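Everything on this sheet refers to the single structure shown next.
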Amino acid sequence: MENNKKVLITGADRGIGRAIALAVSVAGYPVIAHYRRNEEGAQSLETEIRSKGGEIELVRFDVRNREECREQLAAVTEKHGALWGIICNAGICADNAFPALSDEDWDTVIHTNLDAFYNVIHPLIMPVCRKKQGRIITIASVSGINGNRGQVNYSASKAGIIGATKALAVELASRSITVNCIAPGIIETDMSEKAPLDMILPHVPMGRIGKAEEVAALAVFLLSETASYITRQVIAVDGGLV
Ligand code: NDP
């Protein structure tokens, strides 16, 4: 059991974040599960993890709100000290052809996906640096690598996360802290519900949509001691997307 290595996961109430929280807990890490609106989802996660003998605590904030993040995460640090793992998963998309994107589509996606990197990791980082151990994992997207039609805002935010992840990895490497990025392809969650699968799947050699658990498995590996020499990497979980 890794029971002194606490791991924060943002957006843990549903989708990929929930699958990560469950897998991380099964691997023996105490989980600090973040959510925003979905109290019911967060509570059912808490019940499920406890019923399997895992440790979980819930924390609630909007990743766009810097002050709220600082306040809530200062309380997390005060209570738990340096976290072992920080997994920045919460994110949104607001897709449209570029000429049709609204100011709000641009701002909300950038604030939610990219600002969250700073808003969530920055308040937690000093104790991790002092302890000279830890794992930071960001969830970007293949859209941030390839650029997807109708996702100029989303691709920009995810490419920003990739750049930030790589730069932070370089800064923290001498302290034995790894910083890596997972880039999922098309994964079955609420977010991909309206995705045009008939157009996407021909580009997926495996010919199917991915499961949140298949992303979670990589997060668990990257959190492990075994992954200690893997840093500054962007690893796709995409069925071989071309
Ligand atoms: P979901 O829509 O199922 O879940 C998104 C999560 O992010 C929810 O918990 C949501 O909380 C949270 N969130 C959104 N906005 C905020 C906010 N302002 N403050 C706090 N939390 C917020 O999406 P997925 O599980 O599919 O996506 C998880 C991550 O994976 C995202 O970063 C996404 O971009 C990425 N990804 C997903 C892919 C896919 O095909 N599904 C492909 C590539 C990347 P709330 O319930 O309050 O909205």
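The values are calculated or read from the model by the stated rules, or taken from the named source; none is laboratory data. It should be emphasised that the depicted structure is a prediction, and the values quoted were computed from it without experimental measurement. All Cβ positions, even for glycine, are placed from backbone atoms using ideal geometry, and neighbour counts span all protein chains on display. What goes into the accessible areas is simple: the full protein's heavy atoms, side chains included, and nothing from ligands, DNA or RNA. Shrake-Rupley method; radii C 1.70, N 1.55, O 1.52, S 1.80 Å.
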Considering residues that are out of contact with any strand residue (DSSP E or B) (no Cβ under 8 Å at 6 or more places or on another chain) and surrounded by 16 or more Cβ atoms within 10 Å (Cβ to Cβ), the number found within the range 168-200 is 4
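Here is a yes/no grid of residues against (1) under 30 Å from ASN4 (Cβ atoms); (2) out of contact with any helix residue (DSSP H, G or I) (no Cβ under 6 Å at 6 or more places or on another chain); (3) surrounded by fewer than 18 Cβ atoms within 10 Å (Cβ to Cβ):
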| residue | (1), (2), (3) |
| --- | --- |
| LEU73 | yes, no, no |
| THR77 | yes, no, yes |
| HIS80 | yes, yes, yes |
| PRO99 | no, yes, yes |
| GLU104 | no, yes, yes |
| ILE110 | no, no, yes |
| LEU114 | no, no, no |
Per the list (1) of a type outside the set (S, T, N, Q); (2) surrounded by fewer than 15 Cβ atoms within 10 Å (Cβ to Cβ); (3) part of a helix (DSSP H, G or I), residue check on GLY53 breaks on (3)
Given (1) assigned to a loop (DSSP other than H, G, I, E, B); (2) within 16 Å of the ligand (Cβ to nearest atom); (3) buried (at least 17 other Cβ atoms within 10 Å of the Cβ); (4) not aromatic (Phe, Trp, Tyr), THR231 misses just (2)
Of the residues in the range 3-21, those that are over 14 Å from the mean Cα position of the chain (by Cα) and either over 15 Å from ILE86 (Cα atoms) or within 16 Å of the ligand (Cβ to nearest atom) (or both) come to ASN3
Among GLU46, GLU40, the single one that is in contact with a strand residue (DSSP E or B) (Cβ under 8 Å, 6 or more places away or on another chain), open to solvent by 10 Å² or more (accessible area, probe 1.4 Å) and part of a helix (DSSP H, G or I) is GLU46
Within the range 129-167, the residues that are part of a helix (DSSP H, G or I), surrounded by fewer than 22 Cβ atoms within 10 Å (Cβ to Cβ) and either aromatic (Phe, Trp, Tyr) or in contact with a Ser or Thr (Cβ under 9 Å, 6 or more places away or on another chain) (or both) are ILE145, ASN146, ALA159, ILE162, ALA164
